[in-house]
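Okay, structure first, notes after.
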Amino acid sequence: MNKKYNLCVFITRAQPLHNGHLSVLAQARSIADRVLILVGSANTSVTPKNPFTYAEREHMIKVVDNNIDVEPLDDYTYEENQWLTEVQDIVSTYETEKVCIIGHSKDASSYYLKHFPQWDMIDVEYHEVIDATQIRDLMYQGKMRFVEGAVPPSIMNELNRYTATQNYRDMVEEYKYNNEYKASWAGSPFPPTFNTVDAVVIQSGHILLVQRKYAPGKGLYALPGGFIDQHESQEDAVIRELREETKIKVPVPVLRGSIVKEKTFADYNRSERGRTFTQAYLIQLDDSQELPKVKGSDDAKHAEFIPLSKFYDMAEEMFEDHYHIVRKLLDNM
């Protein structure tokens with residue numbers, strides 16, 4: 001008997017794949033000839049929220065069911081239309097007419113399910129008492145035996161292997177840091193909102209980046225920046241942080257006069273430390289001059305000017321949403 005759909009699309013980060021996902025996939029297989037999983041956040045650096053690379057997650061899915069089609073889906077944090085276009089482009093390569101998209105409208109993160117009116121939407125319920133966030137919490141707490149009932153045996157084997165790696169130990173360190181950071185604000189009468197600044201310094205087709213010395217994001221590349229002091233303006237703060245972290249050999253008046261654009265970035269998921277707004281400043285230095293000398297200092301292990309052609313291949317090495325901030329600020333430049 002022919003099934004109702006040729007293709008059923010399931011978008012998930014699968015961090016990690018668990019029994020709730022398997023329930024959705026079972027329903028997808030019952031109504032469609034082929035099932036396609038688009039693995040989200042395929043181009044992000046590893047973090048406690050996204051500990052597994054796309055290749056690792058693709059492997060986990062194929063171990064469970066090798067007949068499922070799997071494709072990477074990049075994040076476009078501040079370019080939603082590009083994200084929607086990428087989903088449509090991937091699906092179009094399957095050359096099929098009857099398509100549905102399946103998922104669980106559990107919270108605001110599932111809003112995208114209604115953004116594809118050309119496909120039927122299949123809303124399903126997870127029949128699990130534990131989700132991926134709780135699985136990761138238990139994993140970082142070393143309580144692996146509590147995870148066993150929430151994932152298929154093949155995934156449990158992969159998770160046990162993962163807990164023996166250096167990457168797991170790094171994620172545990174960052175997970176503890178984030179929890180301690182949030183706990184330090186637990187006595188606040190209101191949920192805290194943090195304000196930071198970031199500098200996007202461009203010269204001669206190069207961008208100035210720092211490599212982070214400490215958690216969170218230890219070892220990742222980032223924009224020079226940090227928190228605003230109580231008695232300074234945002235512009236003063238970004239110049240101060242830039243000079244503190246990079247020791248850039250450019251006078252303050254020149255840096256200030258080279259600001260050509262600024263924009264607020266406030267995606268609610270942009271930082272695992274808590275709700276954080278940042279004001280990013282695009283600083284375009286004189287292309288006729290030599291690249292100024294820089295040196296990592298303060299919170300920066302290293303600072304360097306990197307060719308933009310190389311930067312655009314560094315999404316998986318960048319801290320938080322800094323890669324997307326740069327893309328957005330450099331639009332129409």
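Here, each number is a calculation from the coordinates, and none is a lab measurement. Owing to the predicted nature of the structure, the values given are computational and were not obtained by experimental measurement. Ideal geometry is used to build each Cβ from the backbone, glycine not excepted, and the neighbour counts take in all protein chains shown.
Report ³J(HN,Hα) in whole Hz for each residue of the range 12-22, in order, from the Karplus equation J = 6.51 cos²θ - 1.76 cosθ + 1.60 where θ = phi - 60°; Gly and Pro get x.
7, 7, 6, 10, x, 5, 9, 5, x, 4, 4
How tilted is helix 54-64 with respect to the longest principal axis of the chain? Cα atoms for both, answer in degrees (0 to 90, nearest 10).
10
Springs between alpha-carbon pairs under 10 angstrom, Gaussian network model over the chain: which of Lys182, Lys310, Lys263 fluctuates most?
Top of the fluctuation ranking is Lys310.
Can you compute the label reach from Arg273? Point 7 Å from Cα along the Cβ direction, backbone N cut-off under 16 Å, restricted to the range 207-227.
210-227
What distance in nm lies between label points placed 7 Å from Cα along the C-beta direction at Met144 and Ile90?
Taking the two extended label points, one gets 3.0 nm.
What value does the range 152-203 have for Rg/Rh, both radii from Cα atoms and Rh as Kirkwood defines it? Intermediate values should be presented prior to the final figure.
Working: Rg = 18.1 Å, Rh = 14.8 Å.
That ratio is 1.22, to two decimals.
Would you kindly state how much longer the chain becomes between Ser309 and Ser288 on full extension, computed as 0.36 nm times their sequence separation minus their alpha carbon distance, in nm to one decimal?
On the way: separation 21, 0.36 × 21 = 7.56 nm, distance 1.94 nm.
Here the segment from Ser309 to Ser288 would lengthen by 5.6 nm.
Select from the range 69-171 those trypsin sites (Lys or Arg not before Pro) which occupy a DSSP coil region and have at most 16 other Cβ atoms within 10 Å, ordered by residue number.
Values: sites: Lys98, Lys106, Lys114, Arg136, Lys143, Arg145, Arg161, Arg169; in loops: Lys98, Lys106, Lys143.
Loop-located and lightly packed - Lys98, Lys106, Lys143.
Would you please give the residues with an amide H less than 5 Å from that of Val70, counting only those at least 5 places away or on a separate chain, with H modeled from the backbone geometry?
Ile37
Taking amide hydrogens as modeled 1.01 Å from N in the peptide plane, which residues meet the under 5 Å criterion relative to Gly226, leaving out close sequence neighbours?
Val197
Can you pull the one-decimal nm distance between simple spin-label points at Lys261 and Gln82, each 7 Å off the Cα toward Cβ?
1.2
Treat each spin label as a single point 7 Å out from the Cα along the C-beta direction, and report the Ala164 to Phe227 distance in nm.
4.0
Under 28 Å Cα-Cα from Lys249, which lysines qualify once same-chain neighbours fewer than 8 residues away are excluded?
Lys213, Lys218, Lys261, Lys263, Lys293, Lys295, Lys301, Lys310, Lys328
Could you give the angle, 0 to 90 degrees to the nearest 10, between helix 80-92's Cα long axis and the longest principal axis of the Cα atoms of the chain?
Taking the Cα atoms of the chain, the angle to 80-92 is about 40 degrees.
Enumerate the calculated ³J(HN,Hα) couplings along the range 247-255 in order (Karplus 6.51 cos²θ - 1.76 cosθ + 1.60, θ = phi - 60°), each rounded to whole Hz, writing x wherever the residue is Gly or Pro.
Values, residue by residue: 6, 4, 8, 9, x, 4, x, 5, 4 Hz.
Round to the nearest 10 and give me the degree value, 0 to 90, for the angle of helix 153-162's Cα axis relative to the longest principal axis of the chain.
Once rounded, one gets 20 degrees.
For Lys62, list the lysines whose Cα falls under 22 Å from its own Cα; do not include residues on the same chain fewer than 8 positions away.
By straight Cα distance, Lys62 reaches Lys49.
Place the peptides 82-93, 231-242 in order of packing, highest mean first, counting for every residue the other Cβ atoms within 10 Å and averaging per peptide. If you can, show how the numbers build up before the last one.
Details: 82-93: 14.3, 231-242: 18.2.
By packing density, highest mean first, the sequence is 231-242, 82-93.
Could you size up the charge dipole of the range 5-166 around its Cα centre, putting +1 on the beta carbon of Lys and Arg and -1 on that of Asp and Glu, and report it in debye to the nearest 20? Mind dumping the intermediate values first?
Values: 13 positive and 23 negative charges, 129 e Å.
Approximately 620 debye in magnitude.
Quick one: which residues, 5 or more positions from Ala42 or on another chain, have an amide H under 5 Å from its amide H? H modelled 1.01 Å from N in the peptide plane, none for Pro or chain starts.
Amide H neighbours of Ala42, under 5 Å, 5+ apart: Leu73, Asp74, Asp75.
Report the semi-axes of the equivalent ellipsoid for the range 67-182 in whole Å, largest first, where each axis is √(5λ) for an eigenvalue λ of the Cα gyration tensor. Numbers along the way, then the final one.
Numbers: eigenvalues 206, 66, 49 Å².
The three semi-axes for the range 67-182 are 32, 18, 16 Å.
Pick out which of Ala199, Ala183, Ala32 has the largest mean-square fluctuation in a Gaussian network model of the chain, springs linking Cα atoms closer than 10 Å.
The residue that fluctuates most here is Ala183.
Can you work out the Karplus-derived ³J(HN,Hα) for every residue in the range 222-232? Use 6.51 cos²θ - 1.76 cosθ + 1.60 with θ = phi - 60°, whole Hz, and x for glycine or proline.
For the range 222-232, the Karplus curve yields 8, 6, x, x, x, 7, 8, 5, 4, 10, 9 Hz.
Give the Rg (one decimal place) followed by the Dmax (whole number) of the range 120-214, computed from C-alpha coordinates and expressed in Å.
In Å, with Rg to one decimal and Dmax whole: 19.6, 55.
For the chain, what D do you get in µm² per second when you plug the Kirkwood radius from alpha-carbon pairs into Stokes-Einstein at 4 °C and 1.567 mPa s? Please report the intermediate quantities before stating the final value.
Working: Rh = 21.9 Å.
Once the numbers are plugged in, D ends up at 59 µm²/s.
Where in the range 246-299 are there GluC sites (Glu not before Pro) that are in a DSSP coil and have at most 16 other Cβ atoms within 10 angstrom of their Cβ?
Values: sites: Glu262, Glu272, Glu290; in loops: Glu272, Glu290.
Qualifying residues, ordered by number: Glu290.
Give, in nm to one decimal, the length gained when the segment between Ser184 and Asp131 is fully stretched (0.36 nm per residue of separation minus the Cα-Cα distance).
Working: separation 53, 0.36 × 53 = 19.08 nm, distance 2.62 nm.
Gain on extension, Ser184 to Asp131, equals 16.5 nm.
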